[in-house]
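Below is one structure, written out as C-alpha cells, with a few remarks after it.
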Amino acid sequence: MQDSLDELEQLCDTAGLEVVGRSFQNIGKPHRAFLIGTGKVEELKRMCRELEVEVVVFDRELTPTQTRELEESFGIKLLDRTGIILDIFASRARTHEGRLQVELAQLEYRLPRLTRLWTHLSRQTSGGRSSGGVGVRGPGETQLEVDRRNSRTRVSHLKKELENVHTHRELYRRRRKLEGIPVVSLVGYTNAGKSTLLNKLANSNVYAENQLFATLDPTTRRVKLPNGREILLTDTVGFIQRLPTKLVEAFRSTLEEVNEADLLIHVLDFTHPNAQEQSETVATVLKDLGADDKPQIVALNKIDQYRGEEGGIVSPEELSKEFELPEEYVPISASRGIGMDLLIAKIEAALDKDLKEIETLVPYGKDELVALFHQKGFIETEEHREAGTYLKGRISPKYASQYEEYPAEKNRQKAS
C-alpha cells in the first residue's frame, strides 16, 4: 500500500503538484458512491480543510459516480490515478501521433464523466412539463448532450487519423524488414534508465531525466555493433503499475514496435526497493502485448549506486557472482558507461543465434550476391578463385536461400 502511495506521490510531483498529506484505508467492500467509507470521507474533509488542500488524488481509478459524489463532498477538484497519468502523458507527447493517442485516451476517459461538469446548470432547471406535455429541458442537459456529441465526433475523427498513422507505420515496418536490419527494443518500468541507455549505446542525446515518463514518444536510432552488424535500437514508453487501459489501447500501434523486435532489452532499476514488483509489471504488459516470448536480455541498471562491503562501486562481474545472476542478466550503469562492453557482447551473441552458416562459391557476374553478403552477413573468409568468389560466413536465413544454388563444394568439384 505504502509503495503504491510513494509512486503516486512521484506521479503528483511529475504533474507539478505538491503533496502535503496522505492517507489510506483497508476496506473489504468498496463503497458504491465514495469508494472509501463515509467515516473516512469525513476524516479526509477535515484533513483537507486543515492543510488547505486544493486537489485530492486517489490511487486507483474511480467510477464517474464516485468522482461526482466525492467532489461534491470535498468541494474541491478531484483526480484519480488514471487521470493524473493521462495529464502527464498529455504534457509529454511531442510527436503528432503521440498527441493524437493521448487526446483519444483522455476523451474516452472523460466522456462518461461529462455529467458532473454540468450538474450546476441542470439544478437550475425546474424539471416540470409544458402544457403540451413535452418535457422542459434545462440548459445543463442541453449542453451535456452537445458536449457528448462533440466528444464522440472527435473520438471518431481521432481514431481515423490514428488508423492512417498506423498504416504509414506498417509501411515503414515492411521497408525495415526488407532491409534485414534486426530491431532491438528497450523496455522497462518508467524511470529505469531506458533513454539514458539509448544515448550511451547510440551516442545520441535523447531527453533523459530522473523522473517518471521523462520521454513518451518512441525513438529509434541506428547503431553499428563492434562486429560490424547494424541494428535499429528503439526506446519505448515506460510501463507502470495499473497503466490505464484506455492509454494502452490508444498507444497500441506504438507499443506494437515491441512485437516487431528481434530482441528485447529489459532495463531494470537494480537499486529500486520494488525492483521485483516492477519486473513483474513489465512481464505482465509484455504478455498482454503478446511479446512475452521474445528473446530477452535483462540489463540491471544503476549499479553505480550499489555499494559493496568496502563501500566502493562493485563491478558487473563481482555483482554477477555475488547474486549468482542467470546468463541473460547483465549488471550495468548506463549513466556511467559501466558494463557496456558486456551488454553489447550479449546483444551480438543473442542476434547471432538466428544466423545461418553458409559456404558458397559465387560465380563471377553475380556481384550483387557478393555485395549482399557484405551488407547483410558476416564474412569469415573471402577468396577470389578461378570459378568465382568463395565466401564463408553467417547470414540471416532470409537471404541464405539465394546462395543454395552456388554451394562451394559443388563448384570445387566442377573446377577439378
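The values are calculated or read from the model by the stated rules, or taken from the named source; none is laboratory data. Please read all numbers here as calculations on a predicted model, not as lab measurements. Cβ: placed from backbone, ideal geometry, glycine included. Neighbour counts: every protein chain shown.
Structural remarks
- Test: residue in region 183-195 that is within 30 Å of A275 (Cβ to Cβ), assigned to a helix (DSSP H, G or I), within 19 Å of the chain's Cα centre (by Cα) and not β-branched (V, I, T): yes
- Candidate set from region 10-57 (those that are without any contact (Cβ under 8 Å) to a residue 24 or more places away in the chain and among the small types (G, A, S)); member that is surrounded by the fewest Cβ atoms within 10 Å (Cβ to Cβ): G28
- Checked across region 34-44, the condition of being under 23 Å from S91 (Cα atoms) and among the aromatic types (F, W, Y) holds for no residue.
- Meets criteria (hydroxyl-bearing (S, T, Y) and either touching a strand residue (DSSP E or B) at 6+ places or on another chain (Cβ under 7 Å) or more than 20 Å from L243 (Cβ to Cβ) (or both)) for S4: no
- Meets criteria (hydrophobic (A, V, I, L, M, F, W, C) and in a helix (DSSP H, G or I)) for A283: yes
- Checklist (1) farther than 19 Å from S195 by Cβ; (2) in a loop (DSSP other than H, G, I, E, B) applied to S335, failing item: (1)
- Complete set of residues in region 257-271 that are touching a residue at least 40 places away in the same chain (Cβ under 8 Å), touching a helix residue (DSSP H, G or I) at 6+ places or on another chain (Cβ under 8 Å) and not in a strand (DSSP E or B): V258, E260, D262, F270
- Residues being under 14 Å from the mean Cα position of the chain (by Cα), among the aliphatic types (A, V, I, L, M) and under 23 Å from D354 (Cβ atoms) - total across region 284-319: 3
- From the options V146, V155, residue that is in a helix (DSSP H, G or I), within 20 Å of A93 (Cβ to Cβ) and of a type in the set (A, V, I, L, M, F, W, C): V155
- In region 352-409, residue surrounded by the fewest Cβ atoms within 10 Å (Cβ to Cβ) [restricted to those that are polar (S, T, N, Q) and under 29 Å from Q296 (Cβ atoms)]: S401
- Qualifying residue in region 121-143 (condition: of a type in the set (D, E), closer than 23 Å to T63 by Cβ and modelled with pLDDT of 70 or more): no
- Qualifying residue in region 32-43 (condition: over 15 Å from I240 (Cβ atoms), touching a helix residue (DSSP H, G or I) at 6+ places or on another chain (Cβ under 6 Å) and of a type in the set (V, I, T)): yes
- Among the residues here, P273 does not qualify as at pLDDT 90 or above and either surrounded by fewer than 21 Cβ atoms within 10 Å (Cβ to Cβ) or touching a Gly at 6+ places or on another chain (Cβ under 7 Å) (or both).
- Matching option when the condition is part of a loop (DSSP other than H, G, I, E, B), of a type in the set (A, V, I, L, M) and assigned by TED's automatic domain parsing to the domain that holds F270, among L325, L319, L342: L325
- Residues that are part of a strand (DSSP E or B) and basic (K, R), drawn from region 349-384: K356
- Top-ranked residue in region 296-308 [being outside any strand (DSSP E or B), surrounded by 15 or more Cβ atoms within 10 Å (Cβ to Cβ) and not charged (D, E, K, R); ranked as modelled with the highest pLDDT]: I303
- For region 344-351, the criterion of being more than 30 Å from N274 (Cα to Cα) and at pLDDT below 90 is satisfied by at least one residue.
- Being polar (S, T, N, Q) and within 23 Å of K224 (Cβ to Cβ) holds for only one residue in S320, S401, S335, and it is S335.
- In region 309-351, residue surrounded by the fewest Cβ atoms within 10 Å (Cβ to Cβ) [restricted to those that are among the small types (G, A, S) and touching a helix residue (DSSP H, G or I) at 6+ places or on another chain (Cβ under 8 Å)]: G337
- Unique match (being more than 27 Å from D262 (Cα to Cα) and modelled with pLDDT of 90 or more) among G312, G365: G365
- One residue from T254, T245, T220 being at pLDDT 80 or above and among the β-branched types (V, I, T): T220
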